[in-house]
Amino acid sequence: MPRVLKKNAVSVAVNTAAATNEAKRASHSAFDNAQGQLFGIIMTAFGISILHAAGLITGQAAGLSFVIAYATGLDFGPVFFLVNLPFYALALARIGWRFTAKSLLAVTSISVLTTLAPQAIRYDALHPYVAAVLAGFCIGIGVIGLFRHGSSGGGVGILAFYIQEKTGFRAGWLQAMFDVVIFSMAVFVIDGKAVLASMLGAAVLNAFVAFNHRTDWYVAR
C-alpha cells in the first residue's frame with residue numbers, strides 16, 4: 001500500500017475510534033437521566049409552590065393552570081395535570097414514547113408535590129417581587145434539568161422542546177410568546193401588583209432558559 005494511502009487509512013481509523021469513544025463518553029446513563037429528572041421535578045415544584053404561596057402566576061401551561069385554579073377555586077395540582085393532557089399526543093407523535101412517558105411522569109410528580117407542598121413548607125413572609133424572581137430561577141433551572149435529560153414539565157415545554165430540537169428556535173422565546181396570552185387573562189383573576197410581579201418572574205424564567213438551554217453548549221445526549 002502506498003505510504004500516503006496507508007497514512008490516510010490510519011488517520012481515518014484513529015478519527016473513527018476517537019469519535020466512537022467520544023460518543024460513548026458523552027452519553028447519559030440511566031442514573032444520569034433519573035437524577036437529572038428528579039432534580040428538575042423538585043426544583044420546578046418548589047418554584048411553583050413559592051408562586052402559589054405569594055398569590056402569583058407564571059407562564060406556559062403552569063400559568064394557564066394558575067389562572068384556572070384562581071378563577072374556580074380548584075387546587076392547582078389536579079388542574080395542572082389535566083391542562084397538560086392534550087400535549088402528550090404531540091409528544092407521542094413527534095418526539096417519541098420515551099420522552100412522552102418521562103414528561104408524563106414529571107408532570108404527575110410536579111402535580112403531586114405542589115399539592116403536598118403546603119403541608120411541608122410554610123412561608124411567613126414573601127415579598128411578591130422577591131418571590132417572583134426566586135421562583136423564576138427555580139422553575140427555570142428545573143425546566144432545563146428536565147430538558148437536558150429527555151423530558152419536560154409538560155404543556156408548552158413539550159412544544160418548545162420539539163421546536164428547538166428541530167429548528168434551533170430557542171425554547172425560552174417560544175414560551176415568552178405564549179406568556180403574553182396568559183398574562184392577558186391573568187388581569188381578570190389577580191390584582192395589578194401581582195400581575196406585574198408575575199410578569200417579572202416569567203421574564204426571569206424565560207430569559208434563563210433562553211440563555212442557558214442551548215444545544216450547541218452540550219455534548220452529552
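The values are calculated or read from the model by the stated rules, or taken from the named source; none is laboratory data. Source: prediction; values computed, not measured. As a convention, Cβ positions derive from the backbone with ideal geometry for all residues, glycine included, and neighbour counts pool all protein chains shown. Keep in mind that these areas ignore ligands, DNA and RNA; they rest on the heavy atoms of the full protein, side chains included. Shrake-Rupley method; radii C 1.70, N 1.55, O 1.52, S 1.80 Å.
Taking the stretch 183-201, which residues are farther than 18 Å from VAL130 by Cα and touching a Ser or Thr at 6+ places or on another chain (Cβ under 8 Å)?
Filtering the stretch 183-201 down to residues farther than 18 Å from VAL130 by Cα leaves 183-189.
PHE183, ALA186, listed by residue number.
For THR108, are the conditions met, namely being open to solvent by 70 Å² or more (accessible area, probe 1.4 Å), over 14 Å from ASN206 (Cα atoms) and either of a type outside the set (Phe, Trp, Tyr) or touching a residue at least 40 places away in the same chain (Cβ under 8 Å) (or both)?
Working: open to solvent by 70 Å² or more (accessible area, probe 1.4 Å): no; over 14 Å from ASN206 (Cα atoms): yes; either of a type outside the set (Phe, Trp, Tyr) or touching a residue at least 40 places away in the same chain (Cβ under 8 Å) (or both): yes.
The answer is no for THR108.
Only one of (1) under 24 Å from ILE95 (Cα atoms); (2) open to solvent by 20 Å² or more (accessible area, probe 1.4 Å) fails for VAL204. Which number is that?
(1)
From the list GLY150, GLY142, GLY154, which one is in a helix (DSSP H, G or I), out of contact with any strand residue (DSSP E or B) (no Cβ under 7 Å at 6 or more places or on another chain) and either among the hydrophobic types (A, V, I, L, M, F, W, C) or touching a residue at least 24 places away in the same chain (Cβ under 8 Å) (or both)?
GLY142
In this structure, is VAL156 open to solvent by less than 50 Å² (accessible area, probe 1.4 Å) and modelled with pLDDT of 85 or more? Walk me through how you get there before you give the answer.
Details: open to solvent by less than 50 Å² (accessible area, probe 1.4 Å): yes; modelled with pLDDT of 85 or more: no.
For VAL156, the condition - open to solvent by less than 50 Å² (accessible area, probe 1.4 Å) and modelled with pLDDT of 85 or more - is not met.
Which members of the stretch 132-153 meet the condition of being open to solvent by 30 Å² or more (accessible area, probe 1.4 Å) and of a type in the set (Val, Ile, Thr)?
VAL133, ILE141
Working only within the stretch 115-131, note down all residues that are part of a helix (DSSP H, G or I) and open to solvent by 20 Å² or more (accessible area, probe 1.4 Å).
The answer is THR115, LEU116, PRO118, GLN119, ALA120, PRO128, TYR129, VAL130.
Identify all residues within the stretch 41-67 that are buried (at least 24 other Cβ atoms within 10 Å of the Cβ) and of a type in the set (Gly, Ala, Ser); write none if there are none.
Those that are buried (at least 24 other Cβ atoms within 10 Å of the Cβ) and of a type in the set (Gly, Ala, Ser): ALA45, GLY47, GLY59, ALA61, ALA62, GLY63, SER65.
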